[in-house]
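Below is one structure, written out as structure tokens; comments come after it.
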Amino acid sequence: MTDSVVIIGAGQAGGQTALSLRQNGFEGTITLIGDEPYVPYERPPLSKSYLAGDVAEERMFMRPAAFYAEKHIVLMPRTTVARIDRAAKKVRLAGGTQLPYTELVLATGGRVRKMTCPGADLPGVHYLRNIDDVLGFRDRITAGLKLVIVGGGYIGLEVAAVAIKRGCRVTVLEMLPLVLNRVVAPEMSHFYTDVHRTAGVDLRTSTGVTAFEGDGKVERVRFGDAVIDADLVIVGIGIIPNVELAADAGLAVDNGIMVDECTRTADPDIFAAGDCSNHFNAIVGARLRLESVPNALAQGKAAALAILGRPEPVVEVPWFWSDQYDLKLQMTGLSRPGDQIIIRGSMAERKFSACYLREGVFVACQSVNMAKDFIQSKKLIADRATPDPAKLADPAIALRDL
Amino acid sequence: MKIVVTLPDDAVHDLTVQAGGSLMDAMRKAGLPVRAECGGAMACATCHVVVDEAWIAKTGRAGDEESDLLDMSDYRSGNSRLSCQIRLTDSLDGLKVTLQLDAFEG
């Protein structure tokens, strides 16, 4: 049988796998299965420029629809997979159709974590993960709307920034004492809290939602004894990796589908890439699951190369970005509580970086409007540099010169 | 309008594109193997092109922030630009650029 790669999941990891297979000379069949009606597209603009109405869907497509036909990549949109039969090497679709594969790539991504409190299923309570989610509420983001955002992570804060510009009355409710708690130092968290409050956002921390209330649609949000009015609620409290197909097929799963550094699972013919995968990162020195575009693309490419018999481990410094107001936050590496934090530049002038040292080793950098630090920090992290903290604190000294 | 893109493998692509968008968008829409990882958010340097000498006056050179991102590239030259930051106006009809290896989806 000729090589036939089936890719489950048509997000950026799945899309990249298909593109990289063809780009690197794969001549077999490629089938890309996705449950959305679109060709693979970039998700980051969903909570930024796409929400603001500044870009069209086509602008987010990794490649135009015609490209896939030209490259003989079979797209199966609006399609759900029911199960994987590893013994027979077949994928069974929800409709019963069976697709044989020689290699299978799981690029199943994640789904939004949902609220479970009373009223969580009221109309007007929305989530944000894909284009159709945004189309479900984007037209309502207009002046005077009482918008309540649940969750002070990137999605919540990016949506807040867009909505406040549109003249909405925006409240952000974060359960933990700090926003962006999972990823940044308290200094950075306080900075972003101040920025949002100055812009007019009613940002409340240590505030856990206990119920959504309303007659036929959401009208109020309750947290303990307090209640506020809401015309629309957008929830951004993280994602859950889609690992069920893998687990049901007997593949190892532990906060993601377990793969090696070339994205291969314990089954030599099955790979996993992107948000759904749990892999060892040699630079970080730990197993992890990353929710990031660069990782989705790097692992998609790695899966393609492994299928082609030219496996190359993914060795990448994790990086991320978030645009809010006029602030370009660009992050490299992974910080954690207990790291020594050194601030370079001026928070007051909104141009600074937070650098993180762990036992003297440069492990992470989070830059606000400091692209130079962002780009140069990657090398320091990869090299496990041990810069002099006093010099590191001096923004006049470039990171590359440390 | 027309643009001419040379890839790192020396393949030359004559493209007919719409004015208005960015050069990166136009290349991607034409199906060229450009990485463009951040999709034009100016958060990376994976849409790096070198502008032909005859056109650099019209496109202009990289701005400060763009220049900072390009600085770490092994393929940096005086005419380096991020293609997401070049807006295709009618005055750029005939533009010639070379996609750099760090922007090439090999």
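Each reported figure results from applying straightforward, stated rules to the coordinates on display, with no laboratory input. Quick caveat, the model's predicted, so the values are computed rather than measured. Positions of Cβ are backbone-derived with ideal geometry, glycine not excepted, and every protein chain shown enters the neighbour counts.
Structure above, values below:
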read-out	value
Tail beyond 17 Å, pair distance distribution of region A:194-315 (Cα, percent)	67 percent
More than 15 angstrom apart: percent of Cα pairs within region A:326-401	46 percent
Size of charge dipole - the protein assembly as shown - debye, nearest 20, with Cβ of Lys, Arg +1 and Asp, Glu -1, no other charges	460 debye
DSSP-assigned coil residues among trypsin sites (Lys or Arg not before Pro) in region B:35-84, each with at most 15 further Cβ atoms within 10 Å	B:ARG61
Dipole magnitude (debye, nearest 20) for region B:2-103, charges at Cβ of Lys, Arg, Asp, Glu	300 debye
Potential extension, A:LEU288-A:ALA226 segment - 0.36 nm per residue separation minus Cα distance	18.5 nm
Residue (of A:GLN376, B:HIS48, A:THR332) at the positive-pole extreme of the protein assembly as shown, dipole from beta-carbon charges	A:THR332
Interchain or long-range residues, amide H under 5 Å from A:ILE257's placed H	A:SER277, A:ASN278
Other-chain or far-sequence residues with amide H under 5 Å of A:ARG113's (modelled H)	A:ILE237, A:GLY238, A:ILE239, A:ILE240
Pairwise label distance in nanometres, A:VAL361 with A:ASP215, each label 7 Å out on the Cα-Cβ vector	6.2 nm
Alpha carbon centroid spacing (whole Å) that separates region B:78-97 from region A:332-370	34 Å
Peptide A:10-20 - average C-beta neighbours from other chains (10 Å radius)	1
Interchain or long-range residues, amide H under 5 Å from A:LEU145's placed H	A:ARG169
Region A:96-133: trypsin sites (Lys or Arg not before Pro) falling in loop per DSSP and having at most 16 other Cβ within 10 Å	A:ARG113, A:LYS114
Stokes-Einstein diffusion coefficient of the protein assembly as shown, Kirkwood radius over Cα pairs, 10 °C, 1.306 mPa s, in µm²/s	66 µm²/s
Flagged links, alpha-carbon separation over 25 Å, of A:LYS48/A:LYS351; A:LYS301/B:LYS96; A:LYS301/A:LYS378	A:LYS301/B:LYS96
Sorted by Cβ neighbour density within 10 Å, fewest at the top, the residues B:VAL17, A:VAL227	A:VAL227, B:VAL17
Mean projection area, nm², convex hull over Cα of chain B	5.8 nm²
Those trypsin sites (Lys or Arg not before Pro) in region A:192-259 that DSSP places in a loop and that have at most 16 other beta carbons within 10 Å	A:LYS217
Two-decimal Rg/Rh across region A:114-235, once Rg and the Kirkwood Rh are taken from alpha-carbon atoms	0.94
Region A:205-277, Rg to Rh (Cα coordinates; Rh as Kirkwood inverse mean 1/r)	1.28
Computed label-point distance, nm, for sites B:ASP10 and B:ILE56 using a 7 Å Cα→Cβ extension	2.4 nm
J(HN,Hα) series, region A:206-222, from Karplus relation 6.51 cos²θ - 1.76 cosθ + 1.60, nearest Hz, glycine and proline x	6, 10, x, 5, 10, 6, 9, 10, x, 9, x, 7, 5, 10, 9, 10, 10
Exposure rule at most 15 other beta-carbon atoms within 10 Å, DSSP loop GluC sites (Glu not before Pro): chain A longest free segment	A:28-348
Net dipole in debye of region A:114-235 [+1 Lys, Arg Cβ; -1 Asp, Glu Cβ; about Cα centre; nearest 20]	180 debye
Region A:237-246 - phi-based ³J(HN,Hα) in whole Hz, Karplus 6.51/-1.76/1.60, Gly and Pro as x	10, x, 10, 10, x, 7, 10, 4, 4, 5
Karplus 3J(HN,Hα) series, Hz, for region A:363-368 with 6.51 cos²θ - 1.76 cosθ + 1.60 (x for Gly, Pro)	10, 7, 8, 10, 10, 10
